[in-house]
Each structure stands twice: as structure tokens, then as C-alpha cells.
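Here is the structure we will look at.
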Amino acid sequence: MPKTLAEKVYDAHVVRSAEGEPDLLYIDLHLVHEVTSPQAFDGLRAAGRTVRHPELTMATEDHNVPTLDILSPIADPVSRAQVEALRKNAAEFGIRLAPMGDRDQGIVHVIGPQLGLTQPGMTIVCGDSHTSTHGAFGALAFGIGTSEVEHVLATQTLPQYRPRQMAVTVDGELSPGVSAKDVILAVIAEIGTGGGQGHVIEYRGSAIEALSMEARMTICNMSIEAGARAGLIAPDQTTLDFLAGRPHAPQGADWDAAVEYWTTLRTDEGAVFDREVHIDAASLTPYVTWGTNPGQGLPIGASVPDPAQIPDENERHAAESALAYMGLTAGTPLREIEVDTVFLGSCTNGRIEDLRVAAALLKGKHVDANTRMLVVPGSVGVKQQAEAEGLDQVFLDAGAEWRGAGCSMCLGMNPDQLQPGERSASTSNRNFQGRQGKGGRTHLVSPAVAAATALTGRLTAPADLTDVPAIAGA
Amino acid sequence: MDAFTTHTGTAAPLRRSNVDTDQIIPAEYLKRITRTGFEDGLFSAWRKNEPDFVLNQPQYADASILVAGPDFGTGSSREHAVWALLDGGFRAVISPRFGDIFRNNSTKAGLLTVLLPQADVEALWQAIEAGPALQVTVDLQARQVRYGSTSIAFEVDDYTRWRLLEGLDDVGLTERHLADVEAFEATRPSWLPKVQPALPA
Ligand code: SF4
């Protein structure tokens, strides 16, 4: 029977299946961070269990880490205790940890691909919903809760039910200034935050095939915002080119054996999806969100919607409370919304390519006088690469802040937070109430829109930037 | 985890959709490394900023069943959301649709999540609002939600139901199949990546 890509990866990892029970799925790689793991390690200790495969487990510090002064102890005692708990647990159970200051430290979903640990056909889990990011390589990667973290630590397996299959096909060519972030924001606006519930989404079509690995990661990353647990893309030459030579990628004869297997990882002709969605790439423009869930997004040329026009009662109430929280009036053109802060970073858009796109727009110009811009690379590796390319200097010359690696203002568990009532344009993935700081208001945007917005101080598409003056002498 | 068989209590009508786990418990409460004591974080922003938020109303203060709009528990995978609901006195949540990871987490920690169609949720909201002392029963044994003269069947797969009824934890169940895990491990290709030994800098 013809199978989808996700079904192939799933089937290849079934350890045991029995009528009336969930399948037991083998997990190839388990990523761990400080927030969702302490109770899992405590559980192991309480039951006298060990970590079954420390060599298939990798830990990093990301959520709590300050992005300034990272070699001093963390000032917040509660954050510090959480990071220290991870260090103690990693040492006790023999797990490789990339702590602050380590060359491999960074956001968990940035370092896996960077190190070549993320490879096609693998099953990858992490106590973090954006584990879907790794699906960009044709891996089946999904977020789990802390009880499941404990289960994987103890057994290297997870009980799972077979997911339903969805295909999102994006054909055609993206216009200049339109990026992967705009594609996924458009997908979520189309199918809604619950649209992918119970499904794995495979992204396909000519527009997806044309994307870089970084861009594919941006798309798969936000599958969870469409309600899906995982998103994936079939591996191809772009995938192989990205992987070759990475520290943990196979080499020599192993590489050839791996590639032979990886080339089988595509959806068979005639495989059936439970749901299919088609998007015309040429029709897309930059997308921004106006509300408090990622499905509340519109093309940047649109205006804040009028809740009274929304027929569905739930949606109408949600829009009303979103506008109240966001401090927005129906009918306001999105381009007129002024922001205080621009955040460039996160596991969605904190990779080198994202920084390059933003730097190209900022080069020789200056961030708006009333706007601050925070640039937070996704990992130490990204930071070093950016510095080698001189991007840090471009950001600094433009008046932006160049920070250390971590989750930072994506969720504000560290000191990088919005103040109540402050408004941001953010390249992260969640515009939930209070996500970036209590009372903070978030508009999700692409790196290009973030940079353009930083220059004008209001939501701006890169194509609008015709009259921003260059810095004198630059 | 505690077993769940049947529970009767009062219910709180949370007339909101898309209640993400950041609302159930904001990130600042996730820094704790214990598994209990999260009740102060439960819906903390809404409890603090919205005087008429449903859980601020005295008639719902003792509610142990939460009846929410669609897409409850979307977003972050934080199991702390489930722990906060349990710590806050809830034993069951009813909604037309749940975030996948939240639902999974709830079954691991002994919080019952019940899927009911929107129309049934709406009727239940109205009944609760008409009489907040209304006793609502969530019966996992019989797979029914009951209140007044109304009885609504809900679906739950046999395996999850059995685990919840018995209060069984998954790790122990999986350990019964260790031989299968070992047999599978013997077939894994050798080129699959290992995190360790650490590579030279
Ligand atoms: S960057 Fe944001 S979404 Fe990504 S792992 Fe960190 S907190 Fe989660």
C-alpha cells in the first residue's frame, strides 16, 4: 500500500503494536532543556531508574539564559536553580549538556540541525512543542510533556497513536520580500489554530522545494501553531548539502548507506492524505498578526478586522477580546500600527539566514528613534558565524542590540521582556497574551518585516522602504 | 498518578476559545522544579486583571470541572498547565477540542479531558449559569457526563480509559516489553547519530 513520508518514518520505528493499545515507538534522539525536565529526572530518581541511552540524549540551556553577561551567575535565583538542576541531572545521568558559554549552547531546535544530529527519517522528541522544527529534514519530530520526557529517558520509547495525515501544498513562486514565515502565517490563518489537530502535516509543492533548510525549519517550526504536532518535508539535495560535513553527520561509507535510505523517504504516488490544503505562492504577501493567537493574521496591506463582521460566535468573541488586549481599533490599516520593540530571534527565525536577511535591509540605515531592536542569535554557533560575516557590526551600526544566544524575548523567562502595554514586532512564533512579558502586545512577522519595521517604527513591508534615509556617510 | 473513575462536583463555564497553555500558566511559574504547588499560576493573568473572570466569581470558587470553548490547551507543551489545573482543584476539563499535547499530558497526570460537541458545551454552560450549584458528574466508567436529567455519552479509547481507571503509569507498562525494545535496538543502523562520545572541539 502506498504510504506517506510520515507513515514511512512512523512504521520504521514501531517497536511493538498490539490491538487496542497504542504503538510503542522508538525514539532516535531526545533533546532536553532546563524547563520541562527537572520533574522527569526526579521521577527517575524516585523510581530508581536510569537513562536508558544517554548517548541518544542531548541537553542545552536556552529558556532561562540571560542574553547579556552570560558568564556571570544568573541573577534571578529561581532561573538559576532551574539551570543548576539541569547541570546536576546531566552530570548524574551521564548526559551531554551544552551549558552557557559552551560552543554548542543555543536554542534546542537550532543546535540539533546545526550539529547534524537532526537527520532524515529519524524520530526526535523534546519536552517542547516546537520540536516540529526538525521535521524540515524529513524526520518525525514532535513535542512531548514532562511525563513523556521521563518515559523516553527511562525507555527510549514512547506510546503513540498513529497520527492522521495532512498535506499542505504550496506551488508557484514567492514574490521578493515574501518568505517562509509569511507562508506559514498564511497557512495558519487559513486552517486555524486547531486545523491541524491530530495530524502530521507534510509540506510539499514547488515553492517548498525551492526553500533553503533554514526556511523549511521556519515552516515546520510553526506546525504546532496550526494545531499539528509535527510537520515535515521530504529530504532532497538541499537537505543533503546542508548535512554534509556537520559534526554528527555520517561520513564515508556510512554517508552513502544513509543517503541510500534517505532517498526512499518520500510520499508514494497514490498515498492518501486525510486532508489536503493548497496555497498559491504567488498570491502571498508579507503576513502579520493582529490578534492574540497565531491564526489571527492578515496580509500587511489589510486593516484590523471588525469583529462585528465575523459570523462565527466563538471567533467573534475571540476577536473582540484580542482587539481589547492588543489596544487596536477595527479598521486601522496594519501599516499604521506603531511598535516600541522589534525582536529578531527564536527557534522560528534565529538562524544565520534570518540574520542575513535583516542585516541586508538594515545596512547603512538606522533604527527608528522611538524603537529598540533586539537581535538574539539562536545559538552560539549562529552568533559566531554572524560575527565572522560582520553582521553584528551591521546591527550595532544601525542602533540595534546584539545579544547572546537563547530563547530570550520569545517567552521572556529571562530578563528580556516587554513592559505592560508595550508593542513588539517579533519573529517568534506566539502572540499569546503576555507571552513576551506581562501585558505585552505581540505582532508576529518575518525577519524582513522585522527589519523594515525597525527602520520606520511601524509595521512595514520591505517593499515599502523607498524613502528611509541612509546614515550620512554610510 | 491518581486513578480516575467518576467525579461529581460543580463546574465553571469558561466561555473562551483558544485558551493556550501560556494563559493556563504563564512562563514565569515554570521555573519551579517541583511537580506540585502550581495553583498560584493557574490563569494568573486573567485572575489578576479581569475582576469578572469566571474563576474570580465566588459561585465558581469551588468548581472542580472546567467547561471551556474549543481549542483548549493549545500552544506550549508545558505539562505544568495540567499540574496547575489539578493543583487548582480541577479533576476534569470539558471542551469541543483540545490541543494534542495538552490532552496527552492530561492523561499522564490523571486529569480527565472530555470531548463534547459545541452544542452540548453550550447547553452545559447555560445550565451552569442558570444554577452554579448544579452538580455535574463525569463518569469515566460509564463514559458519560450527567447533570440534572441530561446524560451525554463521550468517547475515550479503551486503553486510555483503562490506564486512568487503574491509575497506571506508562513507564512501568512499557518496561513489560523490554525484550521488544532490545530486539528493535539490535536492528538500528549503525550510522544513526550519537551525541556521545563528544567530538573534538
Ligand atoms: S525560542 Fe521560543 S518557541 Fe523556541 S524553544 Fe525557545 S521559548 Fe520555545
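The values are calculated or read from the model by the stated rules, or taken from the named source; none is laboratory data. Please read all numbers here as calculations on a predicted model, not as lab measurements. Quick reminder, even Gly has a Cβ in these numbers, built from the backbone with ideal geometry, and neighbours come from all protein chains shown. Surface accessibility is based on the protein's heavy atoms, side chains included, excluding ligands, DNA and RNA. Shrake-Rupley method; radii C 1.70, N 1.55, O 1.52, S 1.80 Å.
How many of the residues making up the range A:89-114 are part of a strand (DSSP E or B) and either within 8 Å of chain B (Cβ to nearest Cβ) or without any contact (Cβ under 8 Å) to a residue 12 or more places away in the chain (or both)? Reasoning before the result, please.
Here is the first cut: in the range A:89-114, the residues part of a strand (DSSP E or B) are A:96-98, A:106.
Subset that is either within 8 Å of chain B (Cβ to nearest Cβ) or without any contact (Cβ under 8 Å) to a residue 12 or more places away in the chain (or both): A:96.
Of the residues in that region, 1 qualify.
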Item checked: Selection count, the range A:120-177, where residues are open to solvent by 10 Å² or more (accessible area, probe 1.4 Å) and part of a loop (DSSP other than H, G, I, E, B) -> 10
Next item on the list: Go through the range A:248-276 and give me each residue that's more than 13 Å from chain B (Cβ to nearest Cβ) and open to solvent by less than 10 Å² (accessible area, probe 1.4 Å).
Entry: A:LEU265
Check: If you scan the range A:94-114, which residues turn out to be within 16 Å of the ligand (Cβ to nearest atom) and among the β-branched types (Val, Ile, Thr)?
Finding: A:ILE107, A:VAL108, A:VAL110, A:ILE111
Margin query: Take the residues in the range B:48-80 that are in a helix (DSSP H, G or I) and crowded, with 16+ Cβ neighbours inside 10 Å; name whichever of them is farthest from the ligand (Cβ to nearest atom).
Written below: B:TYR60
Checklist line | Enumeration of residues in the range A:309-352 that are part of a helix (DSSP H, G or I) and within 16 Å of the ligand (Cβ to nearest atom) | finding: A:SER346, A:CYS347, A:THR348, A:ASN349, A:ILE352
Note to self: Checking A:LEU117 against (1) within 13 Å of the ligand (Cβ to nearest atom); (2) assigned to a loop (DSSP other than H, G, I, E, B), only one condition comes out false. Which one?
What the structure shows: (1)
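Residue-by-condition table, conditions (1) open to solvent by 40 Å² or more (accessible area, probe 1.4 Å); (2) closer than 16 Å to A:VAL149 by Cα; (3) within 16 Å of the ligand (Cβ to nearest atom); (4) not basic (Lys, Arg):
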position	(1), (2), (3), (4)
A:PRO38	no, yes, no, yes
A:ASP42	yes, yes, no, yes
A:ALA46	yes, yes, no, yes
A:HIS63	no, no, yes, yes
A:LEU68	yes, no, no, yes
A:PRO73	yes, no, no, yes
A:PRO77	yes, no, no, yes
A:LYS88	yes, no, no, no
Checklist line | the range A:219-234, residues that are in a loop (DSSP other than H, G, I, E, B) and buried (at least 24 other Cβ atoms within 10 Å of the Cβ) | finding: A:GLY227, A:ALA228, A:ARG229, A:ILE233
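Just to check your reading of the model, which residue among B:GLU28, B:GLU39 is away from every other protein chain (no Cβ under 13 Å) and open to solvent by 60 Å² or more (accessible area, probe 1.4 Å)? Break it down stepwise before answering.
Details: B:GLU28 fails: away from every other protein chain (no Cβ under 13 Å).
Exactly one residue qualifies, and that residue is B:GLU39.
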Next item on the list: Could you grab me the full set of residues in the range A:306-330 that are open to solvent by less than 40 Å² (accessible area, probe 1.4 Å), closer than 24 Å to A:ILE224 by Cα and touching a residue at least 24 places away in the same chain (Cβ under 8 Å)?
Entry: A:ALA318, A:ALA319, A:ALA322, A:LEU323, A:MET326
Check: Limited to the range A:286-305, what total is found for residues that are surrounded by fewer than 18 Cβ atoms within 10 Å (Cβ to Cβ), touching a strand residue (DSSP E or B) at 6+ places or on another chain (Cβ under 7 Å) and assigned to a loop (DSSP other than H, G, I, E, B)?
Finding: 0
Checklist line | Selection count where residues are within 12 Å of chain B (Cβ to nearest Cβ) and either more than 29 Å from B:PRO193 (Cα to Cα) or outside any loop (DSSP other than H, G, I, E, B) (or both), scope the range A:46-79 | finding: 14
Next item on the list: Go through (1) within 19 Å of A:PRO286 (Cα to Cα); (2) in contact with a strand residue (DSSP E or B) (Cβ under 8 Å, 6 or more places away or on another chain); (3) away from the ligand (no atom under 16 Å from the Cβ) and name the single condition A:LEU361 misses.
Entry: (2)
